[in-house]
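Notes for the one structure printed next.
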Amino acid sequence: MKNELFDAIYQIEKDKGISAEILIESVEAALITAYKKNFGSAINIKVEIDEETGKFKVIEILNIVETVENEFDQISLDVVKEINPNFSIGDVYEKDVTPNNFGRIAALAAKQVVVQRIREAERNVIYDTFVSRESEIITGIIQRISKGTIFIDLGRAEAMLLPTEQIENEHYKPGDRIKTYITEVKKTNKAPQIFVSRTNIGLVKRLFELEVPEIHDGLVEIRSISREPGSRSKIAVYSSNENVDPVGSCVGQKGSRVQNVVDELSGEKIDIIEWSEDPAVYITNALSPSKVENVIIKEEIHGALVVVPDYQLSLAIGREGQNARLAAKLTNWKIDIKSVSQFNEMQNSEILTEA
């Protein structure tokens with residue numbers, strides 16, 4: 001019957017997925033260190049473990065030479081000839097130097113190695129679990145807040161929500177359940193560091209994927225998102241299936257789907273518009289809810305001059321320029337907005353200049 005150490009090693013291999021061979025090698029290395037620490041660091045040794053009995057044996061390794069120059073790793077041929085006449089110069093002589101009280105020291109060292117390896121394996125499992133979930137949403141409970149950083153309990157691990165990744169108008173307190181977006185998982189010598197965000201545009205994308213089956217099934221695609229966290233987002237959606245309304249699918253019956261996303265984002269306003277390969281149409285849609293009279297595309301500067309009714313100018317630009325700014329980010333086009341009156345004045349000025 002195998003001893004307790006090997007029973008434990010093979011059970012760990014089964015439960016934790018750590019190779020028994022690696023564990024045994026680690027134990028042997030730890031025993032060498034323990035021996036040298038307690039009985040002499042200069043000698044050249046190896047440790048053998050009997051798998052059946054669990055007994056440890058320390059073997060000193062000596063090179064057989066004519067004249068000994070270094071007593072720590074050499075032995076004279078004359079000495080070993082008395083033990084075994086078959087030895088010759090260049091052979092290796094192995095001498096059992098196991099101390100009488102080495103068993104207790106060895107058992108403690110072996111236990112420490114096994115415990116350390118288990119911790120490493122558990123850290124690796126946690127890392128592998130969460131690194132595979134980068135760019136996904138995860139739900140956790142706020143555990144504590146320290147110097148502005150929020151620590152979130154994820155069950156098997158802890159995530160950090162840095163101040164720069166928090167929505168400005170949200171209030172967080174310990175015990176709150178919170179959804180966040182995993183931005184990065186770092187491996188460290190201790191537990192893996194998991195960084196999450198409430199401001200990343202990926203959070204909006206994943207929330208819509210959760211709420212809208214058509215997105216999950218591939219019938220509706222999210223082509224672009226622009227966002228000013230806590231205030232407003234714009235999302236451009238598209239469907240190649242003419243029987244599917246991409247905007248209606250995201251809005252949901254009586255606005256239920258988009259409202260669920262808005263609620264999760266603490267009231268952040270969301271404009272859902274239809275993506276178009278025609279830049280004029282796309283830009284027009286992106287400036288929603290404003291009405292647009294005309295869009296003049298300027299390919300040479302990848303820009304567009306947008307003409308809106310006079311009474312729609314402030315709506316098109318938005319408060320502090322937000323609507324225009326989000327539309328430009330969403331479409332990746334430079335957008336210059338003019339009212340009809342401004343556009344007409346600009347044209348008249350150009351005519352007079354040419355005249």
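The values are calculated or read from the model by the stated rules, or taken from the named source; none is laboratory data. Just so it is clear, the structure is predicted and the values come from calculations on it, not from any experiment. In this analysis, Cβ positions are derived from the backbone assuming ideal geometry, glycine residues included, and neighbour counts consider all displayed protein chains.
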In the stretch 172-274, which helices (runs of 4 or more DSSP H) lie fully inside it and hold 2 or more residues that are farther than 25 Å from Ser132 by Cα and over 18 Å from the mean Cα position of the chain (by Cα)? 246-251, 256-264
Could you tell me which numbered condition Gly140 fails, if it satisfies all but one of (1) closer than 25 Å to Arg257 by Cβ; (2) of a type in the set (Gly, Ala, Ser); (3) surrounded by fewer than 18 Cβ atoms within 10 Å (Cβ to Cβ)? (3)
Which numbered condition trips up Lys190, out of (1) at pLDDT below 95; (2) not assigned by TED's automatic domain parsing to the domain that holds Ile142? (2)
Does the stretch 49-73 hold any residues that are under 26 Å from Ile9 (Cβ atoms) and without any contact (Cβ under 8 Å) to a residue 12 or more places away in the chain, and which are they? Asp50
Just to verify a result, which residue in the stretch 149-198, among those that are farther than 17 Å from Glu264 by Cα and among the hydroxyl-bearing types (Ser, Thr, Tyr), is surrounded by the most Cβ atoms within 10 Å (Cβ to Cβ)? Thr183
Read through the list (1) surrounded by fewer than 17 Cβ atoms within 10 Å (Cβ to Cβ); (2) more than 30 Å from Asn323 (Cα to Cα); (3) within 22 Å of the chain's Cα centre (by Cα); (4) charged (D, E, K, R), then give the number of the only condition that Arg123 fails. (1)
Residues being part of a helix (DSSP H, G or I) and either touching a Phe, Trp or Tyr at 6+ places or on another chain (Cβ under 7 Å) or in contact (Cβ under 8 Å) with a residue 12 or more places away in the chain (or both) - total across the stretch 305-324: 9
Okay, strands (runs of 3 or more DSSP E) sitting entirely in the stretch 1-107 with 1 or more residues that are assigned by TED's automatic domain parsing to the domain that holds Arg119 and within 25 Å of Ile118 (Cβ to Cβ), I get 45-49, 56-65
From Gly218, Gly202, residue being under 30 Å from Ser288 (Cα atoms), modelled with pLDDT under 95 and not β-branched (Val, Ile, Thr): Gly218
Filter the stretch 234-268 down to the residues that are in contact with a Ser or Thr (Cβ under 7 Å, 6 or more places away or on another chain) and either loosely packed, with under 14 Cβ neighbours inside 10 Å or of a type in the set (Asp, Glu) (or both) and list them by number. Glu268
Do you know which of the residues in the stretch 199-233 that are touching a Phe, Trp or Tyr at 6+ places or on another chain (Cβ under 7 Å) and of a type in the set (Lys, Arg) is surrounded by the most Cβ atoms within 10 Å (Cβ to Cβ)? Arg206
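Of the residues Ile337, Ile283, which is in a strand (DSSP E or B), within 25 Å of Arg227 (Cα to Cα) and at pLDDT 95 or above?
Exactly one of Ile337, Ile283 is in a strand (DSSP E or B), within 25 Å of Arg227 (Cα to Cα) and at pLDDT 95 or above, namely Ile337.
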